[in-house]
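Below: one structure, written as structure tokens.
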Amino acid sequence: MSLTPEDLRYTDEHEWVRRIAPNRVRVGITDYAQSQLGDVVFVQLPDADRQADAGEGIAEVESTKSVSDIYAPLAAKVVAVNEELTSAPETLNTDPYGAGWLFELEVEDADGLDVTLGELLDAAGYQGVIGG
């Protein structure tokens, strides 16, 4: 059974979102996603300072099975990327909710972020998506 931490928000595309500051979130892929991908061998991260639209493919994860797009869960600016994944992409398999984070996004409006996060799936909703 996949881990689905209660303190995160989720997308239908198997990304998790953790608020780390009033106007900033950290994004990664779920334990379910990494288990479906198999052994991750390469990660293409977005450029820092890139403006992303909600639902836009901004990164890729390549495994021994396939290549998967990673989508921006909200409209925001990419302010940090996890450079450690370029030399250790397998971290997505071993620690998807910790050291395996992909990038951080920042919005101008913290109140707007409250609304956006509220529209994402909670843990129970995500379990419904994956059949858990």
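Taking region 75-107, which GluC sites (Glu not before Pro) meet the DSSP loop condition and have no more than 12 other C-beta atoms within 10 Å?
Numbers: sites: 83, 84, 90, 104, 106; in loops: 83, 90.
Here the sparse-neighbourhood loop sites are 83.
Of 34, 54, 16, which is farthest towards the positive pole of region 1-75's charge dipole, taken about the Cα centre with +1 and -1 on the beta-carbons of Lys, Arg and Asp, Glu respectively?
Among 34, 54, 16, the one farthest towards the positive end of the dipole of region 1-75 is 16.
Compare 92, 105, 121 in a GNM of the chain, Cα atoms joined below 10 Å, and give the one with the largest fluctuation.
Checking each option, the largest mean-square fluctuation is seen for 121.
About the Cα centre, and with charges only on the beta carbon of Lys, Arg (+1) and Asp, Glu (-1), how big is the dipole of region 67-132? Nearest 20 debye, please.
260 debye
Note down the accessible area of residue 68, probe 1.4 Å, to the nearest 10 Å².
Probe radius 1.4 Å; accessible area of residue 68 about 40 Å².
Over all directions, how big on average is the projection of the convex hull of the alpha-carbon atoms in the chain, in square nanometres?
Its average projected convex-hull area is 7.1 nm².
Treating only the Cβ atoms of Lys and Arg (+1) and Asp and Glu (-1) as charged, compute the dipole magnitude of the chain about its Cα centre; round to the nearest 20 debye.
Magnitude of the dipole: close to 200 debye.
Just how large is the dipole of region 3-46 about the Cα centre, in debye to the nearest 20, putting +1 at every Lys and Arg Cβ and -1 at every Asp and Glu Cβ? Can you show the working numbers first?
Values: 5 positive and 7 negative charges, 67 e Å.
Dipole size: approximately 320 debye.
With a point put 7 Å past each Cα toward its Cβ, work out how far residue 67 is from residue 6 in nm, to one decimal.
4.0 nm
Just to make sure I understand: if all protein chains stay in place, what is the order of 3, 37 by accessible area at 1.4 Å, largest first?
Largest to smallest exposure gives the sequence 3, 37.
Residue by residue through region 50-62, which ³J(HN,Hα) values in whole Hz follow from phi under the Karplus form 6.51 cos²θ - 1.76 cosθ + 1.60 (θ = phi - 60°), with glycine and proline marked x?
7, 8, 10, 8, 4, x, 7, x, 10, 8, 9, 10, 10
Around residue 64, with a cut-off of 12 angstrom between Cβ atoms, what is the net charge of the other residues, counting Lys and Arg +1 and Asp and Glu -1?
Surrounding charge for residue 64 is -2.
Calculate what fraction, in whole %, of the accessible area of region 1-117 sits on carbon and sulfur atoms when a 1.4 Å probe is rolled over the protein chains.
Working: 2560 of 5760 Å².
Here carbon and sulfur together make up 44 percent of the probe-accessible area.
In whole Hz, what ³J(HN,Hα) sequence does region 13-20 give by Karplus (6.51, -1.76, 1.60; θ = phi - 60°), x for Gly and Pro?
Coupling constants for region 13-20: 8, 6, 9, 10, 9, 10, 6, 10 Hz.
The values are calculated or read from the model by the stated rules, or taken from the named source; none is laboratory data. All values reported here derive from a predicted model rather than from experimental measurement. With ideal geometry, Cβ positions are generated from the backbone for all residues, glycine too; neighbour counts draw on all protein chains shown. When the accessible area is computed, the model is the full protein with side chains, heavy atoms only, and any ligands, DNA or RNA have been set aside. Shrake-Rupley method; radii C 1.70, N 1.55, O 1.52, S 1.80 Å.
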